[in-house]
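Q: The structure's right below; bear with me while I get my questions together.
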């Protein structure tokens with residue numbers, strides 16, 4: 001039995017490893033409310049192009065598999081609706097008598113939702129706009145952390161743990177370029193499985209702290225002289241003291257998306273530039289750079305069990321909350337006051353205006369500028385988020 | 001109780017995710033023979049520099065953890081012993097009264113072992129030289145496959161499965177540059193979790209098949225026109241019809257190791273060059289290139305349970321065999337005649353001369369040149385090697 005209540009779900013922005021957990025959470029909960037559940041293909045783009053799909057008849061077995069699949073199962077978009085685009089969306093949603101619109105996305109998507117929600121109010125069309133957060137960058141304000149971050153952080157941590165043992169085997173300098181346009185959380189996560197002082201990563205560079213080439217080279221040299229090797233995690237978004245991207249200085253042809261963001265991933269140029277400087281200026285042996293790239297947000301097989309659970313539960317929370325309160329909101333994870341054990345998650349509802357389009361960066365207490373490394377405070381904050389299902393490691397040398 | 005029999009273990013070449021399984025297998029078995037077990041730090045380099053470590057007293061608990069740790073727990077080397085180097089090694093081994101020397105490594109390491117073994121014969125020093133194979137490249141002759149390949153193949157397969165769903169979400173062209181200097185096995189492994197015709201990877205380019213830019217661009221265009229997206233796996237070792245590396249053509253400053261191998265990994269230049277050509281010539285949207293790099297051989301968390309088991313068991317087999325037969329040999333995995341279910345592993349002992357320094361490439365039956373894709377024969381060959389512990393996946397669109 002399907003009621004007359006029509007709801008719509010869409011997914012926007014860069015996908016994550018658990019964005020489909022949220023999708024499935026909404027579907028399951030709205031099924032309980034007997035809603036007619038539609039999905040739009042490729043986010044808001046699917047609305048204006050009238051590409052909808054019914055989600056009521058997907059079997060529980062398939063829902064379970066979809067939830068565990070990387071990428072946005074409904075497709076995603078980089079479109080950012082302007083005034084005309086929004087009016088078009090509203091016309092179509094009204095036509096379809098949609099009463100709730102769930103948009104699973106990051107800060108750009110929440111901003112799209114805010115615009116749509118405001119236009120709906122202006123036209124007196126009763127539409128509940130519900131933002132379900134996701135982003136591997138962990139850069140949403142009013143949130144302790146964001147679904148999607150834990151799994152990406154686990155991937156980056158596991159990758160650097162492996163790299164540590166690889167570089168221990170064949171010593172040299174290793175640079176790993178990590179995703180993160182403005183916030184250094186994911187780059188900082190490279191430290192999460194480090195055990196000994198000489199373990200990699202030895203140095204971490206984040207967008208929040210101005211990148212200065214001479215300081216960088218001196219720090220690399222100092223670590224190499226001390227340990228005979230050096231593993232470095234560098235954010236793709238590192239900037240100089242004038243907030244100019246280092247990437248922008250070296251890439252000849254840049255590419256921008258509809259939100260005005262420069263393309264940072266999908267190219268090895270930053271890593272090649274920095275390893276080139278190390279080779280040229282420090283003349284160290286075996287200098288290698290990897291750009292971690294898209295696998296950070298979609299690698300099949302390193303999902304954090306905590307992240308997975310939260311991505312599912314925040315959607316169920318949002319669905320329940322939306323049924324009780326007839327308002328628009330952005331679902332969130334309440335900030336912990338202390339990073340004490342045991343770890344607990346509390347969900348909350350923030351206003352769209354509070355969250356939309358804003359960017360959270362790493363708090364100063366998480367990063368030691370002098371050491372170019374994270375603090376214990378960051379480790380206490382982030383360690384619970386990657387879960388516990390990680391192999392123990394040990395080397396002989 | 002330790003007998004007077006002294007044995008030495010070393011690890012050489014690029015580490016893998018299961019090279020320590022083999023190390024631990026030897027230690028466990030030689031402990032049963034009451035041998036005095038030494039390890040040399042950083043392969044043959046540790047022998048001439050007199051860097052040895054006793055391996056008898058490592059607890060079983062630690063051995064278990066070491067076995068599951070990526071990288072070479074004893075350290076590795078790229079040194080290739082020449083005449084003088086070998087004489088130095090023999091002098092030290094004889095001094096230490098070593099009767100068995102286990103070298104865990106690939107084709108370069110087996111060649112080092114062959115040289116040492118021949119010099120030992122010349123000097124009438126009774127030394128058993130035992131090669132335990134490992135390489136993610138899967139390019140050892142006389143072997144069905146090589147320990148280390150299955151786990152690397154699993155990582156590459158999981159990575160491309162995730163990428164497939166990511167590119168489905170935000171359509172475009174994705175290029176993933178995969179390790180493999182001469183053999184395309186690992187690049188071919190990108191196909192192992194592909195399910196539907198339109199799933200990525202859509203195209204696979206290997207070193208064994210001459211790379212021709214126009215054919216490449218036409219194939220990319222054709223796939224993009226058909227599916228609205230294109231995922232491509234490309235070996236770092238792709239060559240033109242004159243066997244000249246494409247990488248070599250575009251890298252200004254190349255780096256060579258002691259074996260005369262050019263540095264292919266640790267730079268994003270090949271990916272950037274190829275994605276640049278696609279952008280320039282085909283003018284397609286969202287063209288992204290990732291160079292998979294070192295995580296392919298050391299990512300913590302994607303070990304194939306079959307690979308793990310074989311890496312352990314081949315070492316135990318080699319140890320047992322060496323105790324029965326007083327000869328030098330290269331332990332191997334017997335080639336399957338048919339790739340039938342259920343999968344079974346049979347170990348064998350090959351002569352060092354048969355294996356050393358030779359390179360196996362992909363059989364022609366594994367690759368369809370016209371389609372630039374693997375055949376079912378390859379899938380049947382490689383699928384059992386990545387094991388079964390992989391999440392099921394499903395998308396909606």
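Q: Among A:18, A:24, which is within 26 Å of residue A:360 (Cα to Cα) and at pLDDT 95 or above? Full working, then the answer.
A: Numbers: A:24 fails: within 26 Å of residue A:360 (Cα to Cα).
Testing whether each residue is within 26 Å of residue A:360 (Cα to Cα) and at pLDDT 95 or above leaves just A:18.
Q: For region A:98-117, does any single residue satisfy the condition of being modelled with pLDDT under 95 and out of contact with any helix residue (DSSP H, G or I) (no Cβ under 9 Å at 6 or more places or on another chain)?
A: yes
Q: Which fully enclosed strands (runs of 3 or more DSSP E) of region B:285-350 have 1 or more residues being away from chain A (no Cβ under 14 Å) and more than 30 Å from residue B:166 (Cβ to Cβ)?
A: B:329-333, B:347-350
Q: Out of all the residues in region A:34-43, is one or more free of Cβ contacts under 8 Å to residues at least 24 places away in the same chain and either out of contact with any helix residue (DSSP H, G or I) (no Cβ under 8 Å at 6 or more places or on another chain) or within 12 Å of chain B (Cβ to nearest Cβ) (or both)?
A: Scanning region A:34-43 turns up no residue that is free of Cβ contacts under 8 Å to residues at least 24 places away in the same chain and either out of contact with any helix residue (DSSP H, G or I) (no Cβ under 8 Å at 6 or more places or on another chain) or within 12 Å of chain B (Cβ to nearest Cβ) (or both).
Q: Further question: Specify the residue that is surrounded by the fewest Cβ atoms within 10 Å (Cβ to Cβ); the eligible residues are those in region A:132-167 that are part of a helix (DSSP H, G or I) and out of contact with any helix residue (DSSP H, G or I) (no Cβ under 7 Å at 6 or more places or on another chain).
A: Among those that are part of a helix (DSSP H, G or I) and out of contact with any helix residue (DSSP H, G or I) (no Cβ under 7 Å at 6 or more places or on another chain), it is A:158.
Q: Right, something else. So which residues in region B:357-397 are assigned to a loop (DSSP other than H, G, I, E, B), more than 14 Å from every other protein chain (Cβ to nearest Cβ) and either in contact (Cβ under 8 Å) with a residue 12 or more places away in the chain or farther than 26 Å from residue B:302 by Cα (or both)?
A: Filtering region B:357-397 for residues assigned to a loop (DSSP other than H, G, I, E, B) gives B:357-363, B:369-372, B:375, B:387-397.
Now drop any that are not more than 14 Å from every other protein chain (Cβ to nearest Cβ), which leaves B:357-363, B:369-372, B:375.
Answer for region B:357-397, where residues must be assigned to a loop (DSSP other than H, G, I, E, B), more than 14 Å from every other protein chain (Cβ to nearest Cβ) and either in contact (Cβ under 8 Å) with a residue 12 or more places away in the chain or farther than 26 Å from residue B:302 by Cα (or both): B:357, B:358, B:359, B:360, B:361, B:362, B:363, B:369, B:370, B:371, B:372.
Q: Criterion first (within 16 Å of residue A:141 (Cα to Cα) and either at pLDDT below 95 or crowded, with 16+ Cβ neighbours inside 10 Å (or both)) does residue A:301 satisfy it?
A: no
Q: Taking the condition of being surrounded by fewer than 16 Cβ atoms within 10 Å (Cβ to Cβ) and closer than 15 Å to residue B:167 by Cα, how many residues in region B:226-246 meet it?
A: 2
Q: Next question, about the same structure. Output the residues belonging to region A:375-396 that are buried (at least 17 other Cβ atoms within 10 Å of the Cβ) and over 19 Å from the mean Cα position of the chain (by Cα).
A: A:375, A:390, A:393, A:394, A:395, A:396
Q: Right, next: Taking residue A:215 as the residue in question, decide whether it is surrounded by 24 or more Cβ atoms within 10 Å (Cβ to Cβ) and more than 14 Å from chain B (Cβ to nearest Cβ).
A: Answer is no for this residue.
Q: Got at least one residue in region A:48-67 being closer than 25 Å to residue A:353 by Cα and either away from chain B (no Cβ under 14 Å) or touching a residue at least 60 places away in the same chain (Cβ under 8 Å) (or both)?
A: Yes, some residue in region A:48-67 is closer than 25 Å to residue A:353 by Cα and either away from chain B (no Cβ under 14 Å) or touching a residue at least 60 places away in the same chain (Cβ under 8 Å) (or both).
Q: If you don't mind, there's one more thing I want to ask. Within region A:162-173, can you find the residues that are in contact (Cβ under 8 Å) with a residue 24 or more places away in the chain and facing chain B (nearest Cβ under 7 Å)?
A: A:163, A:165, A:168, A:170
Q: Might you let me know whether region B:25-32 holds any residue that is touching a residue at least 24 places away in the same chain (Cβ under 8 Å) and within 14 Å of another protein chain (Cβ to nearest Cβ)?
A: yes
Q: Separate question: Has region A:182-199 got any residue that is modelled with pLDDT under 95, within 14 Å of chain B (Cβ to nearest Cβ), surrounded by fewer than 18 Cβ atoms within 10 Å (Cβ to Cβ) and under 27 Å from residue A:139 (Cα atoms)?
A: no
Q: Being out of contact with any strand residue (DSSP E or B) (no Cβ under 6 Å at 6 or more places or on another chain), closer than 25 Å to residue B:203 by Cα and at pLDDT 95 or above is true for just one of B:308, B:370, B:388. Which residue is that?
A: So the residue among B:308, B:370, B:388 that is out of contact with any strand residue (DSSP E or B) (no Cβ under 6 Å at 6 or more places or on another chain), closer than 25 Å to residue B:203 by Cα and at pLDDT 95 or above is B:370.
Q: Determine, yes or no, whether residue B:159 is within 14 Å of chain A (Cβ to nearest Cβ) and either under 22 Å from residue A:69 (Cα atoms) or touching a strand residue (DSSP E or B) at 6+ places or on another chain (Cβ under 6 Å) (or both).
A: Yes, satisfied.
Q: Examine region A:330-343 for a residue that is in contact with a strand residue (DSSP E or B) (Cβ under 8 Å, 6 or more places away or on another chain) and not assigned by TED's automatic domain parsing to the domain that holds residue A:65, and state whether such a residue exists.
A: Residues of region A:330-343 that are in contact with a strand residue (DSSP E or B) (Cβ under 8 Å, 6 or more places away or on another chain), as a first pass: A:330-334.
Pick out the ones that are also not assigned by TED's automatic domain parsing to the domain that holds residue A:65 and you get none.
The answer is no; no qualifying residue exists.
Q: Also: Which one of the conditions (1) more than 26 Å from residue B:387 (Cβ to Cβ); (2) within 13 Å of chain A (Cβ to nearest Cβ); (3) touching a strand residue (DSSP E or B) at 6+ places or on another chain (Cβ under 9 Å) does residue B:148 fail to meet, given that it meets all the rest?
A: The single condition residue B:148 does not satisfy is (1).
Q: For the list (1) modelled with pLDDT under 95; (2) in contact with a helix residue (DSSP H, G or I) (Cβ under 6 Å, 6 or more places away or on another chain), I need the number of the one condition that residue B:124 fails.
A: (2) is the only condition that residue B:124 fails.
The values are calculated or read from the model by the stated rules, or taken from the named source; none is laboratory data. Quick caveat, the model's predicted, so the values are computed rather than measured. Quick reminder, even Gly has a Cβ in these numbers, built from the backbone with ideal geometry, and neighbours come from all protein chains shown.
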